[in-house]
Amino acid sequence: MNVQEFAARVGLSPHTVRYYEKLGLLIKVRRDANGHRRFSEQDIAWLEFILRLKNTGMSLADIHRYAQLRAAGDGTLSERKTMMEIHARQLHQQLILQQEHLARVQEKIVYYDNQINKKI
């Protein structure tokens, strides 16, 4: 699929797809005889994973490092696993913090309900 089709499938603009390629997040994008990018289903799965990392707070620098390790092959499996373990711990800590925030907000809602019900 071309860059427009690919971008539509992953929910990004073609410009952003090209930017991610320029950053080195999309490595070894195939080209046709005319030099146009040709993307595969594997490219979609990879970019969806990149977006998941980005949406869960991983920095572009760390995602870039992960992409480099992935491109280097199976000799980097241990380092990639370590990166995912660190990221998972950070996500877990963020989740705990968000749950605490949610609890405080829900307490405030109960407070307002009580205040409103006193006036009725």
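The values are calculated or read from the model by the stated rules, or taken from the named source; none is laboratory data. These numbers were taken from a predicted model, which means no experiment stands behind them. No Cβ is skipped: glycine too gets one built from the backbone with ideal geometry, and neighbour counts run over all protein chains shown.
When the range 66-120 is examined, which residues are found to be of a type in the set (Ser, Thr, Tyr) and within 20 Å of Leu25 (Cα to Cα)?
Matches in the range 66-120: Tyr66, Thr76, Ser78, Thr82.
When we screen Ile27, Ile50 for residues that are within 20 Å of Val3 (Cα to Cα), in contact with a helix residue (DSSP H, G or I) (Cβ under 7 Å, 6 or more places away or on another chain) and modelled with pLDDT of 95 or more, the only hit is Ile50. Pairs are defined by a Cβ separation below 7 Å, a sequence spacing of at least 6 or placement on different chains, a first member in the range 68-84 that is at pLDDT 95 or above, and a second member that is aliphatic (A, V, I, L, M); the pairs so defined are Thr76/Leu69; Glu79/Leu69; Arg80/Leu69. Scanning the range 65-77 for residues that are loosely packed, with under 10 Cβ neighbours inside 10 Å and on the phi < 0 side of the Ramachandran plot gives Asp74, Gly75. Considering (1) at pLDDT 95 or above; (2) small (Gly, Ala, Ser); (3) touching a strand residue (DSSP E or B) at 6+ places or on another chain (Cβ under 9 Å), the lone condition that Ser40 does not fulfil carries the number (1). Could you please let me know if Gly35 is on the phi > 0 side of the Ramachandran plot, exposed (fewer than 12 other Cβ atoms within 10 Å of the Cβ) and out of contact with any helix residue (DSSP H, G or I) (no Cβ under 7 Å at 6 or more places or on another chain)? When the stated conditions are applied, Gly35 passes them. Could you tell me which residue of the range 87-113 is nearest to Asn55 (Cα to Cα), considering only residues that are within 29 Å of the chain's Cα centre (by Cα) and of a type in the set (A, V, I, L, M)? Among those that are within 29 Å of the chain's Cα centre (by Cα) and of a type in the set (A, V, I, L, M), it is Leu91. All conditions but one from (1) loosely packed, with under 10 Cβ neighbours inside 10 Å; (2) within 23 Å of the chain's Cα centre (by Cα); (3) not aromatic (Phe, Trp, Tyr) apply to Asp62; the one that does not is (1).
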